[in-house]
Amino acid sequence: MSASVAVYRDIYTEDRFKQAYGSEESTNGSLRLREKLAGRCRCSKRAFLHLLRERVPIFNWLPRYRLKKWLLGDTIGGLTVGILHIPQGMAFALLTSVAPIFGLYTSFFPVVLYMFFGTGRHVSTGTFAVVSLMTGSVVEQLVPTPLQLNSSSSEAADFEAQRIGVASAVALLSGIIMLCMCGLQLGFLSTYLSEPIVKAFTSAAAFHVTISQLQSMLGLRLPRHTGTFSLFKTVASVMENLPHTNMAELLISMVCLAVLVPVKEINMRYRQRLRTPIPVEILTVIVATGVAYASSLDSSYNIEIVGHIPAGFPKPRMPALHTFPDIAGDTVAITFVGYAVSVSLAMIYADKHGYSIHPNQELLAHGISNTISSFFNCFPSSATLATTNILESAGGYTQLSGLFTSLVVLIVLLLIGPLFYFLPKAVLACINVTSLRQMFLQFQDLPELWRISKIDFLVWLVTWLSVVVLNVDLGLAIGVVFSMMTVICRTQRAGCSVLGRASNTEIYRPLENHSKCYEVPGVKILTYNGPIYYGNRSFFREEMSRLLGLTPEKIRSWEKARKALEKREREATINTVERGIANTSFNSENEFFKSETPESDVQAVLIDCSSVTFVDVAGARLFTQMCIECQKVGVHVYLANCNESVLKILTSSGLMNYMNPQHIFVTVHDAVMYIQQQKEKPPENTMTVWV
C-alpha cells in the first residue's frame, strides 16, 4: 500500500520566506558584541572553576573516578605499559642518537604531565619511533659522530651533552609551537594530515627505522646518513661493509628476533584471552643483560653495550637555545607529525569507548609535556601506537593509568637503571624493529582503500614513495601538498548535471542517472556539485554554456537580431509620427523573440545551488556575466536553494542589478511552479505537491 501526501502552500521566494519565517535583524549588533565580550571576560568563582576543569581535565574526571570499577584496570594497564616503556625508551633513544638514559627520562615526565592535561583516557605518551627518528636526523646534522671517540673520556661526556642539548631544544621548540597553536585555536590543522597520509607516512618511516638499525644488529660502526636518499645511502653503506659484520652481535640479533617476533604474534592473536600481554621485551632485556655480564661479551667479542646508566633524578638543565634557527624547519615537521599521530590515536579510542577529544586541549597537553620535559634532558614525545594499544587491551580506563606507568619507570630510574650496563645495543635495535609490526601491517589496508577510493589510494602511494625515496620530513610535505592538490582538482572538476522532475512529485534528480524523470518544458534546471571560485570558474562557465547551448555564435546572432528589432521599431515610430501609420508587424521585443524562437527552446534557466557550498568574488562575477548573456538571448535566470553565505555574496556583488530579486526561490519546485504560472497566468499563487 503506497502513501501519498498533499501539500498546499504559497510559492516562496527567499525574500518572502524571510519575511514570514526569518529572524528579526538586530539593530544594535555592536552592543551585543560588547555584551558577549563582557560575558567572556567576567571573573567569578564559577567561571574560574569552569576554566580550571577545562584546561586541567584531571580536576574534571578525578572527582568522578569509579574506584571499584576502574582502579584494577588502570593499575594492570599502567604497570604493563610501564614495563614496556623501559626497553622501548632505551631503544628509541638510540634512534634519537642520544644515550639510553634519556629515553627513560622521556618515558617518565611526559606521561605524568599528560595525565594532568590530556583528554585521551586510553592514550599512552612517551617515546615514538617516527618522532625519535626525525629528531635523530636533526641531532646527527648538528652534532655528527666523530670518527674516533673514547667512550670513557670527558670528550665523550661533552659529546653526549651536546647531543641531548640539541634534542631537548627540539622538544622545547616543539612545545612552544604547540602552545602557540593552542592559543590561536589551531587544533583543526591536524585534519590536513588525512588517514591515508598518516598511515602511509608511518609505514614508510618504519622502513627508515628498520634500515637505520641494521648497523647495530650487524655490529657495524658506520656514520648515520641524513637528508634526501638517506635510506639508500644507508643500505649501500651496510652492503659495502657486510664483510666486517660482528658475528657475535649478528647471532644475538637473530636470537632476539626469533624470540620477539613469535611472542609478539601470540600477544596479538590471543590478546582477547590474555589478561596482560607477555612482557617479552623486558624479559629479553633482562636475559640479554645477564648473559652479556656472565660471558663478558663486550671485552671478548667487542660487542657494543649500553654502558653507564646513572641512577637518580635528572637535574634541570637549559636546552641548547642557540640551535633554534638551525632546527626550526625540522621542528615544525616533527611537531605536526607528533600532534597528528597523538590526536588520531586519541580520537580512534575515544570513538570506540564513547567519549570526546578536544584537539586544542591536546595541543596544550602535548605542548606543556614537551616544554617542561625539555628542561629535564628529554627529547620530543608523543602518543605511541604500541603502548596505547596495549594499555587499552590490558583494561585501562582513565588517565590514572599514567600514574602507575610513571611509577614503574621511576623505580628503574632510581634503583634498577645501572643494572643494564651490560645490555647489548643489538637487543635494543631488535626491539626497535619488532615494535614496528603494526606499521608494516598497514599494507593490508591497501586493497580495501583501492576499492573505496582510488584517489585516497594514490595519496597513500605518493606519500609512501616520497618518504621512502626522499626523506621523512620532505616526503611528508609532498604527501600533504599532493593530498591538497587532489582536493583542489576534485572541486575544479565537480559534476554539472541537468535535473529532471519525477512524475507527480516535487523531486528533481539528474537525468543521466534517472531515465524516467523528465525535463520541464521550456525550463533548463542545472545543478553544480561543488563550490564556485576562481579555481573552477572557467570549468563552470564551459559546462553551463555547453548544457544551455549558449555558444558565442548564438549570442552574436541574437544581438544582431536585437539590433535589427530596435532599428525596425525606430523606423516604425518615425512612420507613425510622420504618416500617422502604425507598424504592427512587431509589437514588442518579446513577440520578436517568440517568433524567432521554437517552442522547444529554453526560455528560463533555473540553477539549483543546494550543492554550492561557497562562492567567491570571481564566482559571483561569473553569475552576473551569465545573467547578462542569458538576457541577450531572451532567457530568464532563476536561483533556488541558496545557502545564506552564497546568497549574501551574490547580493553584495551586485547581481541583483542584473537579476530580478523575486527570481530567487527557496526550493527548485517553488521556482518551477512560478515559471509555469507566469507562462499560464493562473489566478492564485498556490501549488499542490503529491508525493
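Couplings for segment 634-640, taken from phi via the Karplus curve 6.51 cos²θ - 1.76 cosθ + 1.60 with θ = phi - 60°, read x, 10, 8, 10, 10, 10, 8 Hz in order; Gly and Pro are left as x. Here the calculated FRET efficiency for Gln677 and Arg451, from their Cβ-Cβ distance with R0 = 35 Å, stands at 0.10, rounded to the nearest 0.05.
Helix-derived [θ] at 222 nm for the chain: sum -39500 (n - 2.57) over DSSP H runs of at least 4, divide by residue count, nearest 500? Write out the running numbers ahead of the final one.
Values: 29 runs with 412 residues, N = 691.
Rounded to the nearest 500, it is -19500 deg cm²/dmol.
Here segment 198-293 was treated as a single set of alpha-carbon atoms; its pair distances binned every 10 Å from 0 give 14, 32, 34, 17, 3 percent.
Given axes a ≥ b ≥ c from the Cα gyration tensor, I'd like to know whether segment 76-234 is rounded (a/c under 1.5), prolate (a/b larger than b/c) or oblate.
Details: a/c = 1.61, a/b = 1.41, b/c = 1.14.
Prolate is the answer for segment 76-234, as a/c is 1.5 or above and a/b outweighs b/c.
Annotation for Arg55 and Leu647: the two label points, set 7 Å from Cα along the Cα-Cβ direction, are 4.1 nm apart.
Per 5 Å bin, what percent of the C-alpha pairs of segment 399-455 does each bin hold, from zero upward? The distribution over segment 399-455 is 4, 13, 10, 12, 16, 13, 10, 7, 7, 5, 3, given as percents. Report the paramagnetic label zone for Thr486: residues of segment 429-469 whose backbone N is under 14 Å from a point 7 Å from Cα along the Cα-to-Cβ axis. So the set is 446-466. Figure legend: label point modelled 7 angstrom from the Cα of Leu67 along Cα→Cβ; no residues of segment 122-144 have amide N under 14 Å from it.
From the C-alpha gyration tensor of the chain, pull out the three semi-axes of the equivalent ellipsoid (sqrt of 5λ each), sorted largest to smallest, in whole Å. Write out the running numbers ahead of the final one.
Working: eigenvalues 948, 161, 112 Å².
Values for the chain, descending: 69, 28, 24 Å.
Out of the total accessible area of the chain (probe 1.4 Å, heavy atoms of protein only), what percent is carbon and sulfur? Exposed carbon and sulfur together represent 60 percent of the surface.
With a cut-off of 13 Å on the backbone N, the residues of segment 447-487 near the modelled label site 7 Å out from Glu195 along Cα-Cβ are 448-453, 456-457. Name the shape class, rounded, prolate or oblate, that the alpha-carbon gyration tensor gives for segment 284-412, where a ≥ b ≥ c are the square roots of its eigenvalues, rounded holds for a/c under 1.5, and otherwise prolate holds if a/b is larger than b/c and oblate otherwise. Note, shape of segment 284-412 comes out oblate. Fully extending the segment from Met239 to Ser295, taken as 0.36 nm per residue of separation minus the present Cα-Cα distance, adds 17.2 nm. Counting only heavy atoms of the protein chains and using a 1.4 Å probe, Val261 has close to 80 Å² of accessible surface. Computing FRET efficiency as 1/(1 + (r/R0)^6) for Gln141 and Leu458, where r is the C-beta to C-beta distance and R0 is 30 Å, gives about 0.40.
Entry comment: accessible area of the chain is 50 Å² per residue, from protein heavy atoms only and a probe of 1.4 Å. Modelled spin-label separation between Phe229 and Val617, with each label point placed 7 Å from Cα along the Cα-to-Cβ direction: 4.6 nm.
At full extension, Ala258 and Ala20 could sit 78.1 nm farther apart than now, given 0.36 nm per residue minus the alpha carbon distance.
By a 1.4 Å probe calculation restricted to protein chains, Glu54 has an accessible surface near 90 Å², given to the nearest 10.
If you keep only loop residues by DSSP, which trypsin sites (Lys or Arg not before Pro) in segment 64-161 have at most 15 other Cβ atoms within 10 Å of their Cβ? Those that pass, being in a loop and sparsely packed, are Arg64, Arg66. When every alpha-carbon pair in segment 452-540 is counted, what percent end up more than 18 Å apart? Value for segment 452-540: 62 percent of Cα pairs lie more than 18 Å apart. Solvent-free Debye calculation, one equal scatterer per alpha-carbon of segment 220-347: log10 I(q)/I(0) at 0.09 Å⁻¹ equals -0.52. Treating r as the C-beta distance of Asn660 and Asp10 and R0 as 22 Å, the FRET efficiency rounds to 0.75. The angle between the Cα long axis of helix 195-218 and the main principal axis of the chain comes to about 20°, on a 0 to 90 degree scale. In this label model, Ser538 and Phe188 are separated by 3.0 nm, measuring between points 7 Å along each Cα→Cβ vector.
Each Cα pair under 8 Å and six or more residues apart adds its sequence gap; the mean of these over the residue count of the chain is a relative contact order of 22 percent. Around the amide H of Ser382, modelled in the peptide plane, lie the amide H atoms of Gly126, Phe128, all under 5 Å away and 5 or more residues distant in sequence or on another chain.
Using 0.36 nm per residue, how much length does the chain from Ala157 to Phe116 gain when fully extended, once their Cα-Cα distance is taken away?
Result for the pair: 11.3 nm of gain on full extension.
For segment 184-246, the equivalent ellipsoid derived from the Cα gyration tensor has semi-axes of 34, 11, 10 Å, listed largest first.
The values are calculated or read from the model by the stated rules, or taken from the named source; none is laboratory data. Values in this document were obtained by computation on a predicted structure and should not be read as measured data. Neighbour counts are summed over all protein chains in view; Cβ atoms, including those assigned to glycine, are modelled from backbone coordinates with ideal geometry. Each accessible area value is taken on the protein alone, full model and side chains, heavy atoms only, with ligands, DNA and RNA left out. Shrake-Rupley method; radii C 1.70, N 1.55, O 1.52, S 1.80 Å.
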